[in-house]
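Visitor: Below is a structure I'd like to ask you about.
The values are calculated or read from the model by the stated rules, or taken from the named source; none is laboratory data. Computed from a predicted model, the values in this text were never measured in an experiment. Neighbour counts are summed over all protein chains in view; Cβ atoms, including those assigned to glycine, are modelled from backbone coordinates with ideal geometry. Just the protein is used for accessible areas: all its heavy atoms, side chains included, with ligands, DNA and RNA removed. Shrake-Rupley method; radii C 1.70, N 1.55, O 1.52, S 1.80 Å.
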Amino acid sequence: MTGFSRRQFITGGAVAALGGTLALAGCAPSGSADSKGSSNGGGMSAGVGTGMGKHGAFNVAVEVTDGNLDRITILDSRETPGMGDVAMEELTQLIVDNQTLNVDTISGATLSSMAFIGAVGDALDQAGQKASDWKKRDKATLAQAELPASADVVVIGGGGAGFAAAITAANEGKSVVLLEKMGVFGGDTALSGGEMAAPGNWIQVQEGIADSPDALAKDMLEGGDNAGDPALVQIIAEGALDSSQWLTFEGGISWKHDLMQFGGHNTKRSIIPITHSGSEMTTKLTKRAGEIDTLTLAKNSPAVELVKSGDAITGVKVKNTVTGTESTIACKAVVLASGGFGSNIDMRVKYNPAMDDSILSTDSVGATGDGITMGEAAGANLIDMQYIQTYPVCDPETGSLLYVGDVRLESRAIMVNKEGDRFVEELDRRDVLSNAIVEQTDGKAYMLFNQSNADETGLLVTHEDEYENLEARKVIVKGDTLEAVCEPFGVDAAELAKTVEKWNQYCKDGKDPDFNFRGDFNAIEDGPYYLMAYKPAVHYTMGGLHINTDAQVLDNADAPIPGLYAAGEVAGHKMGTNRLGSCSMSDIYTFGRIAGKNAAAFSA
C-alpha cells in the first residue's frame, strides 16, 4: 500500500476516505493498542498528523480498524521528487506491512523520513492509538536488493552521471548493475537546479544569440584560471548540446523556454529543467532505467572496494546494509560516478585546511569521496584535490543553496553588504563572489530585488516552498520600503537608497562603471522590496580521479587502469580552480555517456 499525492487523494476514490478521516479524527475512541495491534476501543478510527519536512509542512492521514493500521495517505507534500516522496512511499509500505513505527529513516532523505514518521505517529495518536507503543514494537527494515553474482558493467553512484553511464551501457546490449549507497537515487544532481550550459541550444537559435562550443570552452578554462585540462574541457563543450538532446529524447526531460547566465559565462547559454530542479532529470532517468531489462538498480548498496586481477578491475565488493556482510559482483568494467567529497570534512581539510567545519555544505550527505578513496586504493592518480569551491548564495543557517537567489542570475538583483553598498559584480565567478562576501561585515551579504523583477522570473512561485521557509525564519524579508527590509538585518537603509539610485541610473545608461556588470540591466524602482541574507557554503570539489578523454581512470604513470572509468564530480582536472555554474550538468551527462559506452565496449 502506498500513499497518494494531494491531487490523487482529492480527485480519486479516496475523497470519501478524506471526509471520513476528518470526521473521525475528532471522535476517535480512546484506548491504546496492544503489541498485536488490536485496539481496546475496537471499530474504525482515523486521524491526521503534520510533519515539517525539508520543503515545509505536510499532512498525512491514517485509518485504523480494530487496532490495525489499514492505510497511510499523504494528503499534501512538497518534498524533493525522487527523494523525499520516495522515502515516504517506502516507509508507508514498511509501517503498514509490519504494523510498527520502529523503523529507520531512509538514508539520503533523513529529514523527510523523520518528519514523516513523526506525522504518522501524530495521526495514530489522533486515531486513539499510542504512537509511543507503536515505536516499541518489533523493528522492521527494508529488504536488501538481491544483487547478481556477475555483470558486464557495474556503475557506482546513482546521480546524473551514474544514470547516463548505466543507461548508455545497457543500450549497448550489456548487463549492468547500478549501485547506490543511499536509500534514494539522485545524489547531488537531484539537489541541484539542473541548469545546463548548452551552446547552440534551440532557445539561443530562436533569440539570435551567437554561441559555440569553443566559446564555452574558453569561458570554462578562463573561469578555472586555465588549470583545467583543455582536452577534457573541449569534450564537455562539444558534447553539451548533444547531451541535452539525449536527456530530452532518451530521458524525457522537459525544459523551460528560458535561459540563464551564470557568473563567468560571457553569454546566456544555460537551459533550465521545467521544474527548475535536477530532480526533473533524476526521477525520469530512474524511471527510464527501470524499464531496461538488463539494468539492475540497487539502493542501500554501498560499494566498498574495487577488485583487481593483475592490473585490471574485475569486480566490486558491496556491503549489505542490513546484515553487514559483503559480497562481490564480478564484472568486466566499472564506472565510478559517486560524486565528490564536499560532505567529508576530514577529506576537505586534508587537501585544503581552510575548508574546515566552520563552512557549511550544500552537498548531499552521500558526497563523502568514497569513489576517490576506492580508486586511489586501486592505483588511480588523484589530481587537483586542493581546489574546493564554495557557492556564494547559501542559507546562512543551514548551508542549503538558495534557489530564490537565482533572481541574480536573471540579472534582476543586486548584491550589497551591511553598509548598503555593492561590493562586487553580481555575475562574476563563484569563487570571486564567495571571497568578496567573506570579507564583508559578519561574513554575509544581502540580495536586493523588487516585486516586479521577482514576477518576471517566476522564481518565488517555482520555489514557493523555499521562500516560505526563508520568510518564516526571517532569512528573507519583504517590505514596502527599503527601510522596512533593512531594519531586521541592520543594513544601512540610507546608503542602500543611494546605491539603488545609482544602480537605476546605470540601468538607464546601459553600463556599470563600478564593477562592469555583464548582464542585462534591470532597474529596481518601486516596492515591494525583498532583502535576503546569505553566505558561502562548500558546493563542489574540482579534484578527483585523473581521467583521459575516453573517461578512463589513469594511474600515477598516466596509463589507463584496464576496466576502470569515471564520470562526474568524482573525476578531476576538468574545472581547474573553479567551476562555472551549469557546467556540471554538461559534464556529468557528456562524460557519463562516454564512460558508459567505453565500459560497454571494453566488456565485449
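Visitor: Could you give the length gained on full extension between Glu501 and Asp356, defined as 0.36 nm per residue of separation minus the Cα-Cα distance, in nm?
Guide: 48.2 nm
Visitor: To continue, here is another question. For the residue pair Val322 and Lys474, what label-to-label distance in nm results when each label sits 7 Å from Cα along the Cα-to-beta-carbon direction?
Guide: Those two pseudo-labels are separated by 4.9 nm.
Visitor: Amide H to amide H, which residues 5 or more places from Val155 or on other chains are under 5 Å from it, using H placed in the peptide plane?
Guide: Val177, Leu178, Leu179, Val335
Visitor: Return one whole number: the accessible area per residue of the stretch 394-536 in Å², for a 1.4 Å probe.
Guide: 41 Å²
Visitor: Apply 1/(1 + (r/R0)^6) to the Cβ-Cβ distance of Ala57 and Thr398, taking R0 = 22 Å, and write down the FRET efficiency to the nearest 0.05.
Guide: Numbers: r = 17 Å, r/R0 = 0.77.
Calculated transfer efficiency: 0.85.
Visitor: Less than 19 Å from a label point 7 Å out along the Cα-to-Cβ axis of Asp225: which backbone N atoms in the stretch 578-592 qualify, by residue?
Guide: 578-581
Visitor: Let me ask something else about it. Whole-Hz Karplus ³J(HN,Hα) for the stretch 568-585, in order, using 6.51 cos²θ - 1.76 cosθ + 1.60 and θ = phi - 60°, x for Gly and Pro?
Guide: x, 5, 5, 9, x, 6, 9, 9, x, 7, 7, 9, 6, x, 6, 7, 5, 4
Visitor: Ok, one more. How far apart, in nm, are the 7 Å Cα→Cβ label points at Asp70 and Ser452?
Guide: About 5.7 nm separates the two model spin labels.
Visitor: Subtracting the Cα-Cα distance from 0.36 nm times the residue separation, let me have the gained length for Ala559 to Val438 in nm, one decimal.
Guide: So the chain would gain 39.5 nm between Ala559 and Val438.
Visitor: Also, quick follow-up: Any idea what the dipole of the chain comes to, in debye rounded to 20, about its Cα centre with Lys/Arg Cβ at +1 and Asp/Glu Cβ at -1?
Guide: The calculated dipole for the chain is roughly 1280 debye.
Visitor: Classify the stretch 199-257 as rounded, prolate or oblate, taking a ≥ b ≥ c as the square roots of the eigenvalues of its Cα gyration tensor: rounded when a/c is under 1.5, otherwise prolate if a/b is larger than b/c and oblate if not.
Guide: Note, shape of the stretch 199-257 comes out oblate.
Visitor: Now for a separate question. Of the peptides 454-460, 375-381, how do they stack up when ordered by the mean number of other Cβ atoms within 10 Å, highest first?
Guide: Final packing ranking: 375-381, 454-460.
Visitor: Rounded, prolate or oblate: which fits the stretch 45-135, taking a ≥ b ≥ c as square roots of the Cα gyration tensor eigenvalues, rounded meaning a/c under 1.5, else prolate when a/b beats b/c?
Guide: Here the stretch 45-135 falls in the prolate category.
Visitor: Another one. Counting only heavy atoms of protein chains, what accessible area per residue, in Å², does the stretch 200-299 have with a probe of 1.4 Å?
Guide: On the way: 3970 Å² over 100 residues.
Result: 40 Å² of accessible area for each residue.
Visitor: How high is the FRET efficiency between Thr248 and Asp550 when r is their beta carbon distance and R₀ equals 25 Å, given to the nearest 0.05? Display every interim value, and only then the final one.
Guide: Values: r = 25 Å, r/R0 = 1.01.
So the FRET efficiency works out to roughly 0.50.
Visitor: Amide H neighbours of Ser361 under 5 Å, counting only residues 5+ apart in sequence or on other chains, H built in-plane at 1.01 Å?
Guide: Close amide H contacts, sequence-distant or interchain: Val538.
Visitor: Give me the extension gain from Val307 to Lys287: residue separation times 0.36 nm, minus the current Cα-Cα distance, reported in nm with one decimal.
Guide: 4.2 nm
Visitor: For the stretch 45-135, what is the accessible area per residue in Å² when the probe is 1.4 Å?
Guide: Details: 2920 Å² over 91 residues.
That works out to 32 Å² for each residue.
Visitor: Summing -39500 (n - 2.57) over the DSSP H runs of n ≥ 4 in the chain and dividing by its residue number, what mean residue ellipticity at 222 nm do you reach, to the nearest 500 deg cm²/dmol?
Guide: -10000 deg cm²/dmol
Visitor: Starting at the first residue of the stretch 100-111, write each ³J(HN,Hα) from the Karplus equation 6.51 cos²θ - 1.76 cosθ + 1.60 with θ = phi - 60°, in whole Hz, x for Gly and Pro.
Guide: 8, 9, 7, 9, 7, 6, 8, 5, x, 9, 4, 5
Visitor: Right, here's the next one. Residue by residue through the stretch 334-342, what is 3J(HN,Hα) from phi via Karplus (6.51 cos²θ - 1.76 cosθ + 1.60, θ = phi - 60°)? Round to whole Hz and write x for glycine and proline.
Guide: 10, 10, 8, 9, 9, x, x, 10, x
Visitor: How many nm separate the modelled label positions at Glu464 and Glu207, each set 7 Å beyond the Cα in the direction of the Cβ?
Guide: 2.6 nm
Visitor: Sticking with this structure for a sec: With percent of Cα pairs over 46 Å apart in mind, check [x] 12; [y] 20; [z] 23 and report the label derived from this structure.
Guide: Read-out from the structure maps to [y].
Visitor: Sorted by packing (mean other beta-carbon atoms within 10 Å per residue), highest first, where do 535-542, 417-424 land?
Guide: Result, highest mean Cβ count within 10 Å first: 535-542, 417-424.
Visitor: Moving on to the next point. Run the accessible area of the chain with a 1.4 Å probe and give the carbon-and-sulfur part as a rounded percent. Walk me through the numbers on the way to the answer.
Guide: Numbers: 10960 of 22700 Å².
Ligands and nucleic acids excluded, carbon and sulfur give 48 percent.
Visitor: FRET efficiency for Ala484 and Lys256, Cβ-Cβ distance as r, R0 = 41 Å, nearest 0.05?
Guide: Given R0 = 41 Å and the Cβ-Cβ separation, E is 0.80.
Visitor: Of all DSSP beta bridges located in the chain, what percent are antiparallel, nearest 5?
Guide: So the antiparallel bridges in the chain amount to around 75 percent.
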